[in-house]
Amino acid sequence: MRAIRHIWIIILCWCVTDLSAREEPVLTYTAALSGGIDTAAIVHVVEDRTSDVVYVAGTFTGRISCGALSLDSHGGRDGFILALTRKLAPLWLQNVGGPAEDSVTALSALPTGGIAIAALCGSGSQDIPTYRAGNVTFSGRGNADILIATFHPDGTPGWARNDGADLVDIPESIVVDETGRIIVLGTFTTRTRLGTSFFDVVNGFVTPFLYSLTSDGAVEWISVVDEEAETRPLFRRTPSIMAATLVGEDGPFLRTYDPTGNVMDSRPLPFCNGQVVTGTMIGDIAYHVATETKTCNPGDELTIAWYRTPRSGQQFNRIRYTCGGPNSLATTMTPLDDSTLLVGGRFERSLLFDTISRRPDLVAKAATLRNGFVAAIDTNGRLIWGKVLGSPIWSQVADVSRSRTGFLLSATTRSPDTALMIQRYAYPSTSIEGEGPSVTATGRGRIVRPGDALSRSDEPDTGGILHASDGRIIHRFTDGTVPLMPDVPPGLYLLKTDRDILPLLCLP
């Protein structure tokens, strides 16, 4: 029992940790939505660290429910926004859209609290569509419009605006920088209007664009890509430099933009034989997930490709995660820290995590028709841990995002009472913020619950001070007594004694 409870040995810097040294994360909270969730659309999840609110956004038809909250669509498909507490208890639930087909396609947390969303609205209508975001109702500009809107943590709407022209305009990604500037990446067909300016396609039929909005929704700059291409998620190379992965006629390429929208660099990506799904960046190095057909084994091959931007010179590595099923796919990837990537998706039959050296790190068997998976790898391609999500029928990890003490994920499922799962995972060794970088934890981390004894059997009973993650003193234990975990909310705590500092992850 003691070996189970003392699950890791670390040297923990209070404000900086290396995830590659961590053990497998612990599931701490789960929320479930039932009803008509569109499992073909991405369901995004993000944590607003300013207000400790978790936001979930996606697409639904009919009715969806979470706890005591429920929501009916206005007509066809609607977008939805769900707000949850830190413990994933439901706070509020709102829809975005109107009688036509609508979908929330992206969201990002605002530095001042709340979120900005991007939505595709008014699709499939025979007449001029109408749609609603918060308390603002819009008349459509064409067959499908771009809607950008903000919401405060309590659910009250901020500002909202729509853009587009006669045909289809689709917002694909949205990123908010540290100043509150909102960058939108999308595509348009034939002709569009962004702000007060009209743009025609440069070459081909579908043209990508980026445009920047101020924190109050005014257009700052617009950049139209000079060729027909598909888009992949937009991400930040630095706090102010954006990078977009685009898939053109000659294959995928990476394009970076400065804070004013000027193109800094555009280089082809050297794995054009595969289908790029998503990408991200850590510093100057871009990482991408692509699918490739593997002829020697049935199924798809998940390839994490390492591409260095010109600032560091061009280099390229591949790390292959081979899936045995024909519908296996990596759907999402995000950095957890400066040396760790988190990847999520789905697989059938079996999943082999295989490095370039062909040494299998982890083999997982699907318990059902299709299972979701999430895995952490370091930037050299080594597997740190992997998890498989079970479901009575099938499941798929739709999105992952970093949180204050670990990460969040959304997973679509097909089971009798759950269409969507939101899960929070925490690392018992996650760094604690609040007391400065000079404090170092040197003891064994533990998972505890209220009432558990905190002293170790091989040492004399000792007192100490229990701190919350923000540095507040929660409890002072008397020397010579057995310290017991008080009745506190679940979360990460530190016990300071005269010998060491012990990280504690308290579960319900």
With a/c under 1.5 counting as rounded, go ahead and sort the range 173-268 into rounded, prolate or oblate using the C-alpha gyration tensor (a ≥ b ≥ c being the square roots of the eigenvalues; past the cut-off, prolate if a/b is larger than b/c, else oblate).
oblate
Positive-end residue of Ala89, Gly58, Pro99, charge dipole of the range 33-131 with Cβ unit charges:
Ala89
Just to confirm a number: summing +1 for Lys and Arg and -1 for Asp and Glu over residues other than Glu172 whose beta-carbon lies under 10 angstrom from that of Glu172, what do you get?
0
On a full-extension model of 0.36 nm per residue, what is the gain between Asp258 and Ile465, subtracting their alpha-carbon distance, rounded to one decimal in nm?
69.8 nm
Computed FRET value (nearest 0.05) for Asp452 with Thr85, which takes r as the C-beta separation and R₀ as 30 Å:
0.80
Label-point separation (nm) for Leu27 and Thr478, each offset 7 Å from Cα along Cα-to-Cβ?
4.2
Pull out the extension gain between Arg236 and Ser339, defined as 0.36 nm times the separation in residues minus the alpha carbon to alpha carbon distance; nm, one decimal.
35.5 nm
Asp72 versus Glu220: modelled label distance in nm, points set 7 Å from Cα along the beta carbon direction
4.2
Before anything else, pin down the relative contact order of the range 173-268: Cα pairs under 8 Å, at least 6 apart, normalised by residue count, whole percent.
21
Rounded to one decimal in nm, the spacing of the 7 Å Cα→Cβ label points at Trp159 and Thr50 is 1.4
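No lab work stands behind these numbers, since they all come straight from the coordinates. Being a predicted model, the structure only gives us computed values, none of them experimental. Neighbour counts are summed over all protein chains in view; Cβ atoms, including those assigned to glycine, are modelled from backbone coordinates with ideal geometry.
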